[in-house]
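The values are calculated or read from the model by the stated rules, or taken from the named source; none is laboratory data. Predicted model only: the values in this text are computed from it and were never measured. Note that each Cβ is placed from the backbone with ideal geometry, even for glycine, and that neighbours are counted across all protein chains shown.
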Amino acid sequence: MIVLEKITKIFGEDSSRTLPVLRGIDLQIEKGASYVVLGRSGVGKSVLLKVLLGLFPMTSGDAFVEGLSVHDRTHRHTYLRYFGMLFQGGALFDSMTILGNIVFALTERGVPRKQATEIAREKLTAVGLGEARVRTLFPSELSGGMQKRAALARAIALDPKILLFDEPTTGLDPITSSKIAYLLRDTVQTLGATAITITHDLVTARVLADRICLLEDGQIAWQGTQEELETTDNPQMISLLKAAKGERAL
Amino acid sequence: MRFVRLLGCAVLRVLARVGHFALFAFKGLAGCVTPPVYGYTLLQQCLAVGFYALPVVGLTAVFAGFVLALQSCSGFAGLSSENTVAAVVVVAITRELGPVLAGLMVAGRTSAAMAAEIGSMRVSEQIDALETLSVNPFKFLVAPRVIASVCMMPLLVLIADIIGIFGGFFVGITRLSFSFGLYLDQLVKHTATFDVFAGLIKAACFGFSIALCGCYYGFTTVKGARGVGEAATYAVVSSSIGILMLNYLITTLFFGL
Ligand SMILES: Nc1ncnc2c1ncn2[C@@H]1O[C@H](COP(=O)(O)OP(=O)(O)OP(=O)(O)O)[C@@H](O)[C@H]1O
Ligand SMILES: [Mg+2]
């Protein structure tokens, strides 16, 4: 269970140009649920995930995973151990090969090298990068879609309980994007993990979501199931739906 | 009133920056002395800082030696003997020119590379990824670079000293028609262990400044590709200034009366 309590994040507090990004996010995510967070570009979706991971401090509020707080520095490793994060740009280490990236993630958490290599191969096969030729390539030698897959393999290397996906399908063609979306869904299901996916792509959202939230103006402006999405009267949600159909949005 | 406020703001900002840098240096040092050690990265950095800088540093040193021999000969017109020229070349190179020139060359080469590499890791979220994998970026990124620079700089400077003195020697016997044996004798006579040692201490400190500035500006990179460029620039400028300031400090420590 993930609990977000009144999370606020203001950038540039020490300067004259303060930028409030999150203003009081309250959210509870049950174990095994798959949440999709929608929202415009620059609304603070990535910031929300990073704050949840404790990559930078929140201004106020708290986040708990199974009762463990982000602010608890002594149990930081245990807290992080719950998560597998797929970053917006993949964030593969470009000094290592694809296989090296995943092996590194595993050995850093204490898995012996030999076993790590085996698991890494397995995970790469699971995301469709099983070929020996691909494994020894460096991230810069892969296409965007392949990088996303490799990054996914790294995120799921340790079978985490919570998966965070930051725009997994942005910048990919519709077919690849749909493949990745289904790959994510299957991965989440096999792991039995809780998932939070960030996207502005409604197609991906429909594939992945048990529940959908809309982030607007630093707050959760709407949330509901996919069925509720069709009948919503929330104006922002309606304009998003319209935009996705190619109609002129407000 | 407004002026005072602006001044106060500026002073506070500088102090905050200094504090931030000091904290960074402390974390970096802590990373150096606590396990785990990333051996492979350390080796890579040793190669990058030491081995690949050899041609640049060697060329700088040899030309510095050439010029020094010529200048000391023309400068001390009445005294242009093997003795004086050898003394000037050896003392200047081992005490000052070897460490400082090598330091500045490596600062231009390596600290820019460090800032750019770590900076682009920052903007492409690789440092965030390290943290989510429970890897301490100070241990993984900063510590190997600091250790490599601090260890490799003295080696580089030792080589630069030898090459520089050889440069002076070469000009001495070819251009200034000094006697081979006598000049060599004087060179050996004027080479003081203490001078060389002080130069190597300097080199280690310069290495620290180079790695720390490179890593610091890399780590604090913001704003994408332009930020990476800025980080590299700041790293070179500040590590060069750091080297010159440290040089003064250490010189007063060793040779100041
Ligand atoms: N480190 C930072 N320092 C200052 N401001 C930041 C920082 N990171 C993000 N911001 C600001 O926070 C806001 C939200 O950024 P964020 O990256 O979360 O957007 P996003 O919703 O993920 O958008 P996108 O869909 O384009 O990825 C932006 O206005 C950005 O300028
Ligand atoms: Mg984002």
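Key figures
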{"quantity": "Boolean, B:ALA53 is over 27 Å from B:ASN136 (Cβ atoms) and touching a residue at least 12 places away in the same chain (Cβ under 8 Å)", "calculated": "yes"}
{"quantity": "Region A:174-202, subset outside any helix (DSSP H, G or I) and more than 16 Å from ligand 1 (Cβ to nearest atom), residue surrounded by the fewest Cβ atoms within 10 Å (Cβ to Cβ)", "calculated": "A:GLY192"}
{"quantity": "Check on A:ALA221, within 16 Å of ligand 1 (Cβ to nearest atom) and under 18 Å from A:MET237 (Cα atoms)", "calculated": "yes"}
{"quantity": "B:VAL67 without any contact (Cβ under 8 Å) to a residue 24 or more places away in the chain and away from chain A (no Cβ under 14 Å)", "calculated": "yes"}
{"quantity": "Test result for A:LEU164, outside any helix (DSSP H, G or I), under 22 Å from A:ILE7 (Cβ atoms) and at pLDDT 90 or above", "calculated": "yes"}
{"quantity": "Yes/no for A:ALA33 being more than 16 Å from ligand 1 (Cβ to nearest atom) and crowded, with 23+ Cβ neighbours inside 10 Å", "calculated": "no"}
{"quantity": "Test set (1) over 20 Å from the mean Cα position of the chain (by Cα); (2) under 30 Å from A:LEU191 (Cα atoms) - A:ILE10 fails condition number", "calculated": "(2)"}
{"quantity": "Strands (runs of 3 or more DSSP E) completely within region A:1-81 that count 1 or more residues being within 14 Å of chain B (Cβ to nearest Cβ)", "calculated": "A:2-11, A:19-29, A:60-65"}
{"quantity": "Single condition A:LEU86 does not satisfy, out of (1) within 16 Å of ligand 1 (Cβ to nearest atom); (2) at the interface with chain B (Cβ under 8 Å from one of its Cβ atoms); (3) in contact with a Pro (Cβ under 8 Å, 6 or more places away or on another chain); (4) not charged (D, E, K, R)", "calculated": "(2)"}
{"quantity": "Residue that is surrounded by the fewest Cβ atoms within 10 Å (Cβ to Cβ), among those in region A:36-79 that are at positive phi and away from ligand 2 (no atom under 16 Å from the Cβ)", "calculated": "A:GLY67"}
{"quantity": "The listed residue being aliphatic (A, V, I, L, M), within 14 Å of chain B (Cβ to nearest Cβ), within 16 Å of ligand 2 (Cβ to nearest atom) and touching a helix residue (DSSP H, G or I) at 6+ places or on another chain (Cβ under 8 Å), out of A:LEU152, A:LEU164", "calculated": "A:LEU164"}
{"quantity": "Condition check for B:ALA107: in contact with a helix residue (DSSP H, G or I) (Cβ under 6 Å, 6 or more places away or on another chain) and over 30 Å from B:VAL135 (Cα atoms)", "calculated": "no"}
{"quantity": "Any hit, region A:127-135, residues being assigned to a loop (DSSP other than H, G, I, E, B) and acidic (Asp, Glu)", "calculated": "yes"}
{"quantity": "Count of residues meeting criterion [of a type in the set (A, V, I, L, M) and either within 16 Å of ligand 1 (Cβ to nearest atom) or farther than 23 Å from A:PHE138 by Cβ (or both)] in region A:148-167", "calculated": "4"}
{"quantity": "Sole residue being among the small types (Gly, Ala, Ser), in contact with a helix residue (DSSP H, G or I) (Cβ under 7 Å, 6 or more places away or on another chain) and under 18 Å from A:ARG40 (Cβ atoms), chosen from A:ALA209, A:ALA205", "calculated": "A:ALA209"}
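Condition check ((1) at pLDDT 90 or above; (2) within 13 Å of chain A (Cβ to nearest Cβ); (3) closer than 30 Å to A:ALA155 by Cα) across all residues:
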position	(1), (2), (3)
B:GLU82	no, no, no
B:PRO99	yes, no, no
B:ALA129	yes, yes, yes
B:GLY172	no, no, no
